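These notes are about the structure you will find just below.
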Amino acid sequence: HQSGCKAATPVRILVEHEVVSFQNARGALGAIMLGERFDIILCDVMMPTMTGMEFYERLRTHDEELAKRVIFFSGGVIGTPLESFVHTLGSSYVAKPFRPEELESRIREKLSALGLGLKGGGSVRPVS
């Protein structure tokens, strides 16, 4: 019997929160366009059909306030065209692999900066 080690993903880390995961950025944008609101949006920078940067720009065009709630994560942007985008994000970026407490801390910082605060059961939704 071989035991596998599962990677820490936002869904596995944020078990205390309501987490909704979308298959892709288009699905997330569709839900947002239909009126879904989120406390935080977690978004991978590197996605197959739409980059995190493209997602962010479309979100910002639709709802600038909601775009302020995005926290990006990625592990492979160095040396890619997305590297400069990541450098502009500052505290809105978490490098993979990340520790669970690092992601939770970043979420709390973001919510505090937005004046939202995180209560048990808050909605934290990853886009990947």
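Stokes-Einstein, applied to the Kirkwood radius of the stretch 27-107 over Cα pairs at a viscosity of 1.567 mPa s and 4 °C, places its translational diffusion at 99 µm² s⁻¹. The amide H of F73, built 1.01 Å from its N in the peptide plane, has C43, D44, V45, V94 as neighbours under 5 Å, considering only residues 5 or more places off or on other chains.
Readers should treat all values here as calculations from the given coordinates under stated rules, not as data from a laboratory. These numbers were taken from a predicted model, which means no experiment stands behind them.
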